[in-house]
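All of the numbers you see were taken from the coordinates with simple rules; none came from a lab. Keep in mind that what you see is a predicted model, and the values were worked out from it rather than measured. When we count neighbours, we look across all protein chains shown, and the Cβ atoms used for this are built from the backbone with ideal geometry, even at glycine.
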C-alpha cells in the first residue's frame, strides 16, 4: 500500500515526457520541492558557494556548489553529489535541500556537480564531468578542509548511475580512493528486463515508458551501453567501495538496484540495502517533509556518518 502522504502528493504530480526534453525540463522546475523545511532547519549551520571549474573536455566550464558546515575547524569527510533527472533534467537546485542536510546533519563538506545534460551532451560527457568533479574535489582537499580518505560519491536516480559509474572509473583508472558510494533509487541497467520494470508502467513521477526514452536520449544510438553508462553491465564489481543503496517499492528501477546490491555483496563489498515500502521514485526529494521521507533522509545521514566516521 502506498504511503498516504505520498499518495496525496502524487495526485498533483504530472509525469514528465522525457521524449520532449524542453517540456520535461519546464515540468521539472514546477515539481521542484518548494516547501522543504531544509533551508529553515539548517539556517546558520551551513554556508555554500558556487565555483566555476573546468569540465572534462578541458575547455568548457561547469559549476560545482560547495556546502560547508559552519563549524568546520577540523577536517571533514566529503560527499561528491550528482543530481538526478533522467540524464536530461535537473541542476544544482534540484537537490539543494538534501545537500544542505548532508552538510548540516552529516557533518560533511558536499560538492554538488552541475554536469552537462543529454541529449545535447550524450554519454559519456555527463559521467566524465562527474569524474572530473571528483578529481577536482580531491585536488582541492586542503582548501576545502576535507580528509580525502573519508570520501563518498552519491546520487539520486540518474545521479545514482553517475555515482556508481564514477566509482567504477576511480577503480579502473587508479583514481581517488572512495570510502562509500550512496545510490538512491539508482538507474543502473539499460536492458530493462526486471519484473519491476515490466510491472510499473503507470506509477507516479516515473514509469517504465519514460525509462525507455531516457536511455534513448542518453545513449544517442549506441547499440550496447558501456558499464560507465549502465553500471549493471560491469563484468566485475570487485574492489568497489562500501555501498548504501536505497530503493522504493513502486519504482520500475527497484529490482535492478536490488540485483546490483546482491552482486556487490557477492563480490565482497559491504552493502547496506534499504527497500522503502510504500514509496515511489524520488519520494524523498519531491515530498521531502513527509514522515516517510524524513525517515529516509535521516537514515542516509546516519550511514554517511557511519561509513565516513563523521
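If we count other beta carbons within 10 Å of each Cβ, what is the order of 203, 149, fewest first?
Lowest to highest Cβ neighbour count: 149, 203.
Which value, in Å³ per residue, describes the convex hull spanned by the Cα atoms of the range 177-242?
Residue-normalised Cα hull volume stands at 116 Å³.
Looking only at the chain, where both bridge partners belong to it, what percent of the DSSP beta bridges are antiparallel (to the nearest 5)?
On the way: 13 of 41 bridges.
Beta bridges within the chain, antiparallel portion: roughly 30 percent.
Which value in nm describes the separation of the simple spin-label points at residue 267 and residue 149, placed 7 Å from the Cα toward the beta carbon?
2.5
Give me the Kirkwood hydrodynamic radius of the range 169-310 in Å, from all C-alpha pairs, to one decimal place? Can you show the working numbers first?
Details: mean 1/r = 0.0625 Å⁻¹.
By the Kirkwood definition, the hydrodynamic radius is 16.0 Å.
Counting alpha carbon pairs within less than 8 Å and at least 6 residues apart, what relative contact order, in whole percent, applies to the range 145-275? Please list the in-between numbers first.
Details: 243 pairs, mean separation 36.5, N = 131.
With pairs under 8 Å counted, the relative contact order is 28 percent.
When 1/r is averaged over all different Cα pairs and the result inverted, which Kirkwood radius in Å belongs to the chain? Write down the numbers at each step before the final one.
Working: mean 1/r = 0.0526 Å⁻¹.
Taking every pair of different Cα atoms in the chain, averaging 1/r and inverting gives 19.0 Å.
What distance in nm lies between label points placed 7 Å from Cα along the C-beta direction at residue 93 and residue 202?
3.3
Subtracting the Cα-Cα distance from 0.36 nm times the residue separation, let me have the gained length for residue 220 to residue 19 in nm, one decimal.
Working: separation 201, 0.36 × 201 = 72.36 nm, distance 1.24 nm.
Full extension from residue 220 to residue 19 adds 71.1 nm.
In which sequence would 136, 206 go, from the one with the fewest C-beta neighbours within 10 Å to the one with the most? Let's see the in-between values first.
On the way: 136 19, 206 26.
Ordered by Cβ neighbours within 10 Å, fewest first: 136, 206.
Starting from the Cα of residue 275, step 7 Å along the direction of its Cβ; do the same at residue 173; then give the gap between the two resulting points in nm.
Going by the 7 Å Cα→Cβ label model, 3.5 nm.
Calculate, for residue 40 and residue 73, the FRET efficiency according to 1/(1 + (r/R0)^6) with r their C-beta to C-beta distance and R0 25 Å; round to the nearest 0.05. Before the final figure, lay out the partial values.
Numbers: r = 25 Å, r/R0 = 1.01.
With a Förster radius of 25 Å, E is 0.50.
Using a Förster distance of 25 angstrom, determine the FRET efficiency expected from the C-beta separation of residue 306 and residue 236, and round it to 0.05. Display every interim value, and only then the final one.
Values: r = 26 Å, r/R0 = 1.05.
In this case the efficiency is close to 0.45.
For 189, 207, which order do you get if you count the other beta carbons within 10 Å of each Cβ and list the fewest first?
Placing the least packed residue first, the sequence is 207, 189.
How many percent of the alpha carbon pairs in the range 63-142 exceed a separation of 15 Å? Intermediate results must be reported in sequence, preceding the final value.
Numbers: 1741 of 3160 pairs.
Result: 55 percent of Cα pairs exceed 15 Å.
Cα centroids of the range 201-261 and the range 271-310: how far apart, whole angstrom?
Answer, in whole Å: 19.
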